[in-house]
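The values are calculated or read from the model by the stated rules, or taken from the named source; none is laboratory data. Because the structure is predicted, anything quoted here is derived from the model rather than measured. No Cβ is skipped: glycine too gets one built from the backbone with ideal geometry, and neighbour counts run over all protein chains shown. For the accessible areas, the whole protein counts, side chains as well, though only heavy atoms, and no ligand, DNA or RNA atoms are used. Shrake-Rupley method; radii C 1.70, N 1.55, O 1.52, S 1.80 Å.
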Protein chains: 2
Amino acid sequence: MIRIKVPATSANLGVGFDCMGLAVSLYSTIDFEQSSQKLIINGCDEQFQNEQNLIYQAFVRGCQFLNQPIPNVKITIDNHVPVSRGLGSSAVCIVGGLMGANLWFDSPLNKEEILTLATEMEGHPDNVAPAILGNLNVSFTDSLENIQNVAFKVSSDLFFVALIPNYQLSTKKARQVLPKSMDYQTVSYQVGHAVALSKALETGDLQLIRQAIIDKMHEPFRSKLIPDYSAVKSICEKDGGVLYISGSGSTLMAIASNLNDAQKIIDETKKSFPNWETHLLSVDTKGASGVLI
Amino acid sequence: MIRIKVPATSANLGVGFDCMGLAVSLYSTIDFEQSSQKLIINGCDEQFQNEQNLIYQAFVRGCQFLNQPIPNVKITIDNHVPVSRGLGSSAVCIVGGLMGANLWFDSPLNKEEILTLATEMEGHPDNVAPAILGNLNVSFTDSLENIQNVAFKVSSDLFFVALIPNYQLSTKKARQVLPKSMDYQTVSYQVGHAVALSKALETGDLQLIRQAIIDKMHEPFRSKLIPDYSAVKSICEKDGGVLYISGSGSTLMAIASNLNDAQKIIDETKKSFPNWETHLLSVDTKGASGVLI
């Protein structure tokens, strides 16, 4: 049996809209094994137990890319990445399926090739890059239409806290609320902040992160779509943390510089929002992995 | 006598428009000494030998900030940073004058305080930050109106070649030619490229620099104002280098990954443009300095 383990990912990170993503220590595992039937899927809602399942579609894409017959497969999902919450659940499916197919046929593809395939399926590399490679990633499509991906190590002094509302925020709505253009001065603002943020995450300088992460591109608009944004931001900042909207939400990610502050943010959030899921996370440094078991 | 040495600086670096700047190993020195007259200035055009001189104005600003009487001063300039060519000549004057005043009164100000004063005078920190601190700098004004400045070391494997046309490009014209706004997709392009560029300069990865530096914000518009831009770009790329417009031009800065390529770029440029000034440079890692001699 093949077991693929894929981390959740948190894209955008404030000023890194549509180009930055971070792998965090929250994992789903997906098992692939030979089956007597064409397709069996366990571990997800019944509505997804069919050929439209994104993991299976990525598995099929992998087989096709490798010019291999699509095997009868049983897929068993142990999912810990909440769906449609801005934590890269679709990247988990795509990366999981592609890596499953790759390992099924003895791993002819390296991670860069898997990244290219995954980006084609997802439409952008922001989540699939860190899901595959781990760490903080910045990605862009270069002048030759190749994906360029640069990994940054994040200081182990930083703790990440995923505060996951018990409601979704539709990606479509989160896109619609954005302006179409930005004045030049604000573009320089975004660029300067993002470059500084990447360095601040590397060095673990939370005071610099606190300033560098302040976005003018999507957070001011999307925060209005998350009813509890202001309340959670207050909790987070009272406890010394820095907050950003993970992906297009609804998850709010807090960054803290010590375990004590991180735990306080969780405890206080739980008090106000007892039905929210919370996770104390570190940065995943390895990215997705696969084993034969 | 006080001698202040200030490096030239190269702002923008392609995708770092109005927020990134690099200190390079081309220096002007400015001497300050007690004078019997209110003001004597040597080493510059006669039209600048008066109280409107930017070095003197910065010197006066420094004295005023320190609540000190403005001394009678003789200023002697040994200038190697060409004026109005996109190499931070005004930053040299401002930083030189402020540091001269600071050293005159026994250095009560640290470099961060000088940076704040210099930014107020210059209007932006892009040149004065690297001129004071050395290295690659990214700067932004934070939510409390403080200047945040982050320094990046640049790989010593990289060589910089300043190709300085024998004509100016007015900063005003270089501003007028720019659009006022940018669509969101291009903003993400700029941000992703700039973050990648900062890492590529740190690691000395010229192949990544070649892609990451490709700007859509000012270079496509300003390059049309520099008649020889395309010719020089061809020379540079033929010899393995990467070209960007330094500041708002007219200087074109080439980056090469070895001394041989850098020298070839100079030689070829000299062939086509014998009246241009060229300099083979490295990154200045210390910033402006002052000594009593």
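Which whole-number percent of Cα pairs in the protein assembly as shown have a distance greater than 47 Å?
On the way: 38447 of 171405 pairs.
Tail of P(r) above 47 Å: 22 percent of Cα pairs.
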### Query
Whole-Hz Karplus ³J(HN,Hα) for region B:8-22, in order, using 6.51 cos²θ - 1.76 cosθ + 1.60 and θ = phi - 60°, x for Gly and Pro?
5, 9, 10, 8, 6, 6, x, 7, x, 4, 6, 9, 10, x, 10
### Task
Specify the residue with the greatest mean-square fluctuation among B:V81, B:V15, B:V177, computed from a Gaussian network of chain B linking alpha-carbon atoms under 10 Å apart.
B:V177
### Query
To the nearest 0.05, how large is the calculated FRET efficiency for A:K238 and B:N275 if R₀ is 60 Å and r is the Cβ-Cβ distance?
0.40
### Query
Hey, what does the equivalent ellipsoid look like for region B:159-281, semi-axes from the Cα gyration tensor as sqrt of 5 times each eigenvalue, largest first, whole Å?
24, 20, 10
### Message
Can you list residues from other chains, or at least 5 along the same chain, whose modelled amide H is less than 5 Å from the amide H of B:L281?
### Response
B:F160, B:V161, B:A162
### Summary
The ³J(HN,Hα) series, computed from each phi in region A:287-292 with the Karplus coefficients 6.51, -1.76 and 1.60 at θ = phi - 60°, rounded to the nearest Hz and given as x for glycine or proline, is x, 4, 9, x, 9, 9
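Please identify every one of the trypsin sites (Lys or Arg not before Pro) in region B:13-112 that sits in a loop by DSSP and has no more than 16 other beta carbons within 10 Å of its own beta carbon. Walk me through the numbers on the way to the answer.
Numbers: sites: B:K38, B:R61, B:K74, B:R85, B:K111; in loops: B:K38, B:R85.
Passing sites in region B:13-112 are B:K38.
Quick one: buried accessible area between B and A, total over both chains, 1.4 angstrom probe, nearest 100 Å²?
Numbers: alone 13340 and 13360 Å², together 23490 Å².
Buried surface at the B/A interface: approximately 3200 Å².
Report the relative contact order of region A:159-281, percent, no decimals, based on alpha-carbon pairs under 8 angstrom and at least 6 residues apart. The partial results should precede the final answer.
Values: 164 pairs, mean separation 53.1, N = 123.
Answer for region A:159-281 is 43 percent.
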### Query
Summing +1 for each Lys or Arg and -1 for each Asp or Glu, what net charge is found among the other residues whose Cβ lies under 13 Å from the Cβ of B:L22?
-2
### Message
List the residues, sorted by chain then number, that are 5 or more residues from A:L13 or on another chain and whose placed amide H is less than 5 Å from its amide H.
### Response
A:G247
### Folded to 0 to 90 degrees: helix B:54-65 orientation relative to chain B principal axis, Cα
60 degrees
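Within chain A, which is the longest segment containing none of the GluC sites (Glu not before Pro) that sit in a DSSP loop and have at most 15 other Cβ atoms within 10 Å?
Values: sites that count: A:E51, A:E145.
Result for the longest clean stretch: A:146-293.
Among the listed pairs B:K233/B:K271; A:K74/A:K153; A:K173/A:K233; A:K233/A:K270; A:K238/A:K270, which have their C-alpha atoms separated by more than 25 angstrom in this model?
Cα-Cα > 25 Å for A:K74/A:K153; rest within.
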### Query
HN-Hα J couplings of region A:166-175 from phi, Karplus 6.51/-1.76/1.60, θ = phi - 60°, integer Hz, Gly and Pro as x?
8, 8, 8, 10, 5, 4, 4, 4, 5, 7
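Give the calculated FRET efficiency between A:F221 and A:D183 to the nearest 0.05, with a Förster radius of 22 Å applied to their Cβ-Cβ distance. Could the numbers behind the result be given before it?
Working: r = 15 Å, r/R0 = 0.70.
Efficiency at R0 = 22 Å is approximately 0.90.
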### Summary
In Å², rounded to a whole number, the accessible area per residue of region B:190-293 with probe 1.4 Å is 38 Å²
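Once you list every other residue whose beta carbon is under 12 Å from the beta carbon of A:A262, what net charge do they have if Lys and Arg are +1 and Asp and Glu are -1? Don't skip to the end; give the middle numbers.
On the way: positive: A:K264; negative: A:D157, A:D239, A:D261, A:D267, A:E268.
Net of charged neighbours comes to -4.
Per the Kirkwood treatment, what hydrodynamic radius in Å, one decimal, follows for chain B from the mean inverse distance over all distinct Cα pairs? Each step should come with its number before you reach the end.
Numbers: mean 1/r = 0.0515 Å⁻¹.
19.4 Å is the Kirkwood radius here.
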### Message
Give me, ordered by chain and number, the residues 5 or more places off B:I40 or on other chains with an amide H under 5 Å from its own placed amide H.
### Response
B:V73, B:K74, B:I75
### Query
Using a Gaussian network for chain A with springs between C-alpha atoms less than 10 Å apart, which of these wobbles most: A:L144, A:L109, A:L136?
A:L144
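Per the helix-only calculation at 222 nm, which mean residue ellipticity applies to the protein assembly as shown, given -39500 (n - 2.57) for every DSSP H run of n ≥ 4 and division by its residues, nearest 500 deg cm²/dmol?
Working: 20 runs with 214 residues, N = 586.
After summing the helix terms and dividing by the residues of the protein assembly as shown, the value is -11000 deg cm²/dmol.
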### Query
Most mobile of A:C44, A:C93, A:C19 per a Gaussian network model of chain A (Cα springs, under 10 Å)?
A:C44
